[in-house]
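Q: Quick one: the structure is below, questions incoming.
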Amino acid sequence: MALTDSATERNVAPASAPPPRRSLLGRLSLGHVVMILAGLLALLLNLAFLRSGDDVLRVVIAARDLAAGEELLVASFEIAEVGDIDSISGGLLTEPQAESLVGSRLARAVARGEPLRPSDLRPATAAPGLREMSIDIDSLRAVGDRLKAGDLVDVIATVDDEARYVVTGIEVIEILGTSSSFGGSSEFAVVVAVGDGQALEIAAAMSSGSLDLVRSTGAPAPTPGITGGRS
């Protein structure tokens, strides 16, 4: 019995071991690796392109040196691309706004290549054929430092202690000079757009009495013929 068992054990072949499993890297061919690397490179290039597009801003810049008060023409400005827009302060005029700038006037001088901002502009004179004149006045009699280009003002003349409106609703073109520190005063000039008759009225008022400028932007016209002072 023992001999038979031994012969049986010798005739049974041992079970073969399963082949070793190859790792994922081992199953990748050189072609697979090249395809994967190419896909990653394309993805990185696309991300870089999209980011560069987001970081570029097309803004309006002066095509040449522009003087304060100059009327903007198509040839006065051009479009330039600026990068790293996160580091640029806001308020720049961009390409979609360029067309609306034609006919506007500059509130300050702008050097060639300098970006334009809304604060650099004032509206073009609404009515054609108006003249420009300056009114020399004490800053404390002209709303202090609060007047700015584009405001509408009324001119009041005081002669022999009687005040009256000389002209109303004229546009401020430019402020020449600045007032002194808070509480002080200084002479400065307010450039306004006027008709020929308004210019004569203001000139006569300046030579015969004192003037005050009242900012009337958004205010209704004063009552016709109203005066103030001695009764």
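Q: I need the full set of residues from the range 188-202 which are without any contact (Cβ under 8 Å) to a residue 24 or more places away in the chain and aliphatic (A, V, I, L, M), in order please. Full working, then the answer.
A: Narrowing the range 188-202 to residues without any contact (Cβ under 8 Å) to a residue 24 or more places away in the chain: 197, 200.
Scanning the range 188-202 gives a single hit, 200.
Q: Cβ-Cβ below 7 Å, separation at least six or inter-chain, first residue in the range 134-146 and on the phi > 0 side of the Ramachandran plot, second assigned to a loop (DSSP other than H, G, I, E, B) and not basic (Lys, Arg): which pairs?
A: That search, which allows pairs on different chains as well, returns 144/179.
Q: Still on this structure: If we keep just the residues of the range 89-127 that are under 11 Å from the mean Cα position of the chain (by Cα) and part of a loop (DSSP other than H, G, I, E, B), which is modelled with the highest pLDDT?
A: 116
Q: Being part of a loop (DSSP other than H, G, I, E, B) and modelled with pLDDT of 80 or more is the filter here; which residues of the range 151-193 pass it? If you could, list the steps in order and put the result at the bottom.
A: Keep residues of the range 151-193 that are part of a loop (DSSP other than H, G, I, E, B), which gives 151, 160-161, 177-186.
Of everything in the range 151-193, those that are part of a loop (DSSP other than H, G, I, E, B) and modelled with pLDDT of 80 or more turn out to be 151, 160, 161.
Q: Hey, among the residues in the range 139-150 that are in contact with a Lys or Arg (Cβ under 8 Å, 6 or more places away or on another chain) and at pLDDT 85 or above, which one's farthest from residue 213 (Cα to Cα)?
A: From the range 139-150, those in contact with a Lys or Arg (Cβ under 8 Å, 6 or more places away or on another chain) are 143, 146-147, 149-150; that's our starting set.
Going one step further and asking which of them are at pLDDT 85 or above, we end up with 143, 147.
Details: 143: 7, 147: 9 Å.
Restricting to residues being in contact with a Lys or Arg (Cβ under 8 Å, 6 or more places away or on another chain) and at pLDDT 85 or above, the top hit is 147.
Q: Can we say residue 196 is modelled with pLDDT of 90 or more and within 27 Å of residue 108 (Cβ to Cβ)?
A: Numbers: modelled with pLDDT of 90 or more: yes; within 27 Å of residue 108 (Cβ to Cβ): no.
No: the conditions fail for residue 196.
The values are calculated or read from the model by the stated rules, or taken from the named source; none is laboratory data. Here the structure is a predicted model, which means the values were calculated and not measured. Because the Cβ atoms are built from the backbone with ideal geometry, glycine has one as well, and the counts that use them run over all protein chains shown.
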